[in-house]
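Structure, as structure tokens:
All of the numbers you see were taken from the coordinates with simple rules; none came from a lab. Everything quoted here is computed from the prediction, not taken from an experiment. Reconstructed Cβ throughout: ideal geometry from the backbone, glycine too, with neighbour counts over all protein chains shown.
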Amino acid sequence: MLPRMAQGTHDFTPDPRNASVRININGRLVPRAEAAVSVFDSGFLLGDGVWEGLRVHSGRIAFLDQHLDRLWEGAKAIFMDIGISRAELEQRLYETIDANFMADGCHIRLVVSRGVRATPYQDPRVVISPATIVIIAEHKDPLPATLERGIRLFTVHVRRGYADVQDPKLNSLSKLNCITACIQAAQAGADEALMLDPHGFVATCNSTHFFIVRNGEVWTSTGDYCLGGITRANVIALCRANGIPVFERNFSLTDVYGAQEAFVTGTFAGVAPVTAIDGRNLSDGRGSMVARLQTLYRAHLAADCAARSRP
């Protein structure tokens, strides 16, 4: 068991209501304790599938169009038929949060696997069922301390690889490289892992996207070796719309260690400060740029949900 030494961006205060949430499995709502998929399911056997993390605000699922675009693009890339329409999937998502009386402070994990296989084998031609679609909605908010005091990162030896090995842009269920990166960072006493690309430039974190602030400019990686992050893209757009210089570029750890601020982005926590990397202190808690971007992002999320209809 890994030691409990740190808090990452996905840490949250336990909510007793989650013990009785209902999970949506292929359109059926079942109690959490009874939620299960077959041991022959492609996701369980091989990590064969795609997924999305979603946030609920004021009864609406934030940036849902962008998330479903990425889900369908990933399914097409691995030649997997999701089996239902976008409208039907949206209906299932809202049925799930409604059944659990969720309007705010909710995080959804949407998982789509290729389906049940006739035998434990990787060839997709042995699949004998439609895709398995699981929707797990929980009462969950990031810890306030994460957004105020920030997290610590450790640069790991596990790299983000080339697209012809396993494309980092694919939001697949196969996350072992990110898991091994997270393990190494946790063993080093950090909260999350900072990962480099094959050329030694900074790429991303194991579960979030990484930014630095240097002399009033916001830098992030080229994006060539990381997932097409929706929060990442929204933050870049917010910088451009608000006169904040932002650059997608190659940069090294030397640039990182000399930064005035750093932060990570993700669906769950939004914008979270990074205060130390590899033992180098960058800031004492949340810096001025991170505070500004947190405010801009919260307003953007609220505006998206306010303008969003629902089934």
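Among H57, H67, which comes first, second and so on when ranked by fewest other beta-carbon atoms within 10 Å? Let's see the in-between values first.
On the way: H57 18, H67 21.
With the fewest neighbours first, H57, H67 line up as H57, H67.
Based solely on C-alpha atoms, express the radius of gyration and the Dmax of the range 84-183 in angstrom.
Here Rg and the maximum Cα pair distance are 18.1, 50 Å.
Post the alpha-carbon centroid distance, the range 192-267 to the range 39-86, in whole angstrom.
25 Å
Gaussian network model of the chain, Cα springs within a sub-10 Å range: biggest mean-square fluctuation belongs to which of S129, S42, S207?
Of S129, S42, S207, the Gaussian network model singles out S129 as fluctuating most.
Exposure proxy check: W51, W219 ranked by fewest other beta carbons within 10 Å?
Working: W51 18, W219 21.
In increasing order of surrounding Cβ atoms, one gets W51, W219.
Explain nothing, just the number: relative contact order of the range 16-139, from Cα pairs under 8 Å at least 6 residues apart, as a whole percent.
Working: 216 pairs, mean separation 45.3, N = 124.
Relative contact order of the range 16-139: 37 percent.
Among A131, A299, A269, whose mean-square fluctuation peaks in a Gaussian network model of the chain (Cα, cutoff 10 Å)?
It is A299.
Would you kindly work out the equivalent ellipsoid of the chain from its C-alpha gyration tensor and give its semi-axes, the square roots of five times the eigenvalues, largest first in whole Å?
On the way: eigenvalues 202, 105, 70 Å².
They are 32, 23, 19 Å, listed from largest to smallest.
Rounded to the nearest 10 degrees, what's the angle between the helix 288-306 long axis and the longest principal axis of the chain, both from Cα atoms, 0 to 90?
It is inclined by approximately 30 degrees.
Evaluate 2.2 N^0.38 Å with N set to the residue count of the range 144-306, then give the Cα radius of gyration divided by it.
Numbers: Rg = 14.8 Å, N = 163, 2.2 N^0.38 = 15.2 Å.
Ratio of Rg to 2.2 N^0.38 Å for the range 144-306: 0.97.
If the elastic network links every pair of Cα atoms under 10 Å, which of S221, S288, S174 fluctuates the most in the Gaussian network model of the chain?
Answer for the Gaussian network model of the chain: S288.
Give me the one-decimal nm value for the distance between modelled label points at I179 and A36, 7 Å along each residue's Cα-to-Cβ direction.
A separation of 2.1 nm, rounded to one decimal place.
With label points built 7 Å along Cα→Cβ from the Cα atoms of A77 and R249, find their separation and express it in nm.
A separation of 2.7 nm, rounded to one decimal place.
Can you give me the long-range amide H partners of C106? Hydrogens built in the peptide plane at 1.01 Å from N, cutoff under 5 Å, separation of 5 or more residues or another chain.
V56, K140
Take every DSSP beta bridge whose two residues both sit in the chain, then give the antiparallel share in percent to the nearest 5.
Values: 47 of 56 bridges.
For the chain, the DSSP antiparallel bridge percentage is about 85.
Calculate for the chain the 222 nm mean residue ellipticity that helices alone would give, adding -39,500 (n - 2.57) per DSSP H run of length 4 or more and normalising by residue count, nearest 500 deg cm²/dmol.
Details: 9 runs with 91 residues, N = 311.
Estimated from H runs of four or more residues: -8500 deg cm²/dmol.
Taking the 0 to 90 degree range and rounding to the nearest ten, how far is the long axis of helix 64-77 tilted relative to the main principal axis of the chain, both from C-alpha atoms?
Around 70 degrees separate the two axes.
Sticking to Cα atoms, compute the Rg of the range 1-121 to one decimal and its Dmax as the biggest Cα-Cα distance, whole number, in Å.
Rg, Dmax (Cα atoms, Å): 15.7, 44.
Sequence gap at least 6, Cα distance under 8 Å: using those rules, report the relative contact order of the range 145-249 to the nearest whole percent. Kindly include the intermediate steps, with their values, before the conclusion.
On the way: 160 pairs, mean separation 26.6, N = 105.
Result for the range 145-249 is 25 percent.
Rounding to the nearest 10 and keeping the result within 0 to 90°, find how far the Cα-based axis of helix 86-99 lies from the longest principal axis of the chain.
90 degrees
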